[in-house]
1. Could you check how many percent of all C-alpha pairs in segment 1-109 are farther apart than 21 Å?
2. Among Ser162, Val361, His235, flag the residue with its Cα farthest along the positive direction of the charge dipole of the chain, charges on Cβ as +1 for Lys/Arg and -1 for Asp/Glu.
3. Take peptides 476-482, 545-551 and line them up by average Cβ neighbours within 10 Å, highest first, as a rough protection proxy.
4. Can you give the FRET efficiency to the nearest 0.05 for Ala207 and Ala537, using r as the Cβ-Cβ distance and R₀ = 41 Å?
5. Calculate what fraction, in whole %, of the accessible area of segment 416-525 sits on carbon and sulfur atoms when a 1.4 Å probe is rolled over the protein chains.
6. Tell me the label-point distance for the pair Ile222, Phe86, using the 7 Å Cα-to-Cβ offset, in nm and rounded to one decimal.
7. Taking the Cα centre of the chain as the origin and placing charges on Cβ (Lys, Arg +1; Asp, Glu -1), which of Leu107, Pro314, Ser260 is farthest toward the positive end of the dipole?
8. Along the charge dipole of segment 337-578, pointing to its positive end and built from +1/-1 on Cβ of Lys, Arg, Asp and Glu, which listed residue (Ala496, Ala338, Ala400) has its Cα farthest out?
Amino acid sequence: MTREILASVLEEIALLLDLKNENPFKVRAYRQGADAVRGFDGDIVQLAATNQLTGIKGIGEALRDKLHILASSGSLPFHQHLRAEFPPGLFDLLDLQGLGPKKVKALFETLAVSSIAELKLACEAGKVAALPGFGAKTQTNILAAIALRDKFADAFVLGTISPIVDEMLDTLRLHPEISRAAVAGSFRRAKETVHDLDFLVATQSPALVCEDFTTLPQVASIIACGETKASVRLHNGLQCDLRAVSNSQFPFALQYFTGSKEHNVALRSLALKHGWSLNEYGFTATAKDAPDVPASIHEEPDIYHALGLDFIEPELRENQGEIEAAAAHSLPRLIELANLRGTFHNHTTASDGLNSLDEMVAEAIEMGLQYLGIADHSKSTFIGNGLDETQLLDQLATIAKLNAAHPEFRIFAGSEVDILRDGTLDFDDSILSQLDYCVASVHNIFNLTEEEMTRRICLAMENEHVTMLGHVTGRLLLKREGYPVNHAKIIDCAAATRTIIELNCSPLRLDMDWRWWRRARDLGVLCSINPDAHSVARLHHIGLGVRLARKGWLRREDILNTRSRAEVETFLKSPKAAR
Ligand code: DGT
Ligand code: CA
Ligand code: CA
Ligand code: ZN
């Protein structure tokens, strides 16, 4: 049982009650309950399991009882009975970008649409466009969302599967017959999305270990189970392959199955130049007169060293010049999580965050950070409950008081200010100049051309008070393509205006994309690893951000929030042109 399961069950109940036309207050109570569960500061699962959820704002008596049943028994009959009243495909509709509970309800009630397939047919027949509140544009958008879903049908977002991978690895490492365990593949390379997981173990009892792998609690079904390999599907649909090898094969298997395929092809051709072939089992001489194969390969770096290369971190293995750099001993020293001293761009309950300013600060302190940047939404983002000028200045005063009372920690007062259609900002310079920093982001009017959108963003970056650019493309991985922008031009403009570009490490965003960071770095553009956290739990996504920064070849010195508090204070006070 996890906090997220508790919250999503409440959310689903809200939707189901809504579909049944139940009292809107009741519906809202469940939605608010879900928010309360997500934002609660404490071990809510434990408290619910032991029925100690009393006096919590947003969780009344009825919800408390249901949470108790759910947390203590693992399921809630009330929820299951409710769910059984509707066709199961209906829930898939909610995952489509742009389809909220209201629209799903209308489609179900008027067109009897209860699956993606039915929705597609209804769109193709033009029936959806004819519905009140829909229209031709919505119908086109729905078809696009369905096409996107098909395209990514078997993909998963890196950040959301990390906790499962950690759990599975922990269990495998406890197995008495397993001496080493790792995940290879795209997951290890920190690709933003992965298709399957490639587990690897070193063992002397491969068949036994394969069988035990298929009984892990995360496993829903067994695809195959053999002497040295097994494949399973997890409850969330993700496929996992396991390969069991000997201890001496392990480094070779780890290298091979980490990929990427392109990196391995290049590495193998380098090995051939030495007279060796390289595969998942080891080196072998290609001819009788070839030099002896390297001895004593115990760890993965030994393989690279044997080929005259520096060790190449997994994140870099995309055949984007890393092998050449390793040969020339010019690989970057990549940033590590321990280098981060603070973080920017975080929300509080003042806008659409789930935790208060105090709770966010307490968590940042708990994480060992020296400073925390707050950046709630500005007034034009009404969906995000954006702050107006008065509210922002109030928050500024509150932060100043907190800073004065707690000199050992620094809160930087900022704003995630909307970039309006014409590239101007949602607040006047007279307001922005009072802040410690400012993140400028696009949150609406996505349907501009690439040229218009690029100009809009560049104009915002030219503002003296815009410290950093938020989520460059606005993409939501596997859900929504970003708005069109010219990355190269935006990077050039960031370099010219000394504007930082954020690496938004909210798991669905990971925006700017890792493929662009090396270019930005080479032009002297600074990166800020920003969780865009809407709750205390999400502050921890900075770890994911570090992995993507590494994938973008970034070093400690390329990232603002590796700097000490004093350095950041000086940096933010200096005029942009002098940074
Ligand atoms: P994905 O699609 O997210 O699962 O991406 P990967 O990179 O994890 O791909 P996967 O699971 O098919 O294979 C894992 C690694 O195994 C891959 O990165 C390189 C290696 N590999 C798999 N098949 C081949 C192959 O046919 N040739 C070579 N050279 N390497 C392969
Ligand atoms: Ca894979
Ligand atoms: Ca695989
Ligand atoms: Zn934003």
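The values are calculated or read from the model by the stated rules, or taken from the named source; none is laboratory data. What you see is a predicted model, and the numbers here were worked out from it, not measured in a lab. Heads up, the Cβs are rebuilt from the backbone with ideal geometry, glycines too, and the neighbour counts pull from every protein chain shown. For the accessible areas, the whole protein counts, side chains as well, though only heavy atoms, and no ligand, DNA or RNA atoms are used. Shrake-Rupley method; radii C 1.70, N 1.55, O 1.52, S 1.80 Å.
1. 34 percent
2. His235
3. 545-551, 476-482
4. Plugging the Cβ-Cβ distance into 1/(1 + (r/R0)^6) gives 0.55.
5. Answer for segment 416-525 is 47 percent, counting heavy atoms of protein chains only.
6. Modelled inter-label distance: 3.6 nm.
7. The one lying farthest along the dipole's positive direction is Leu107.
8. Ala338
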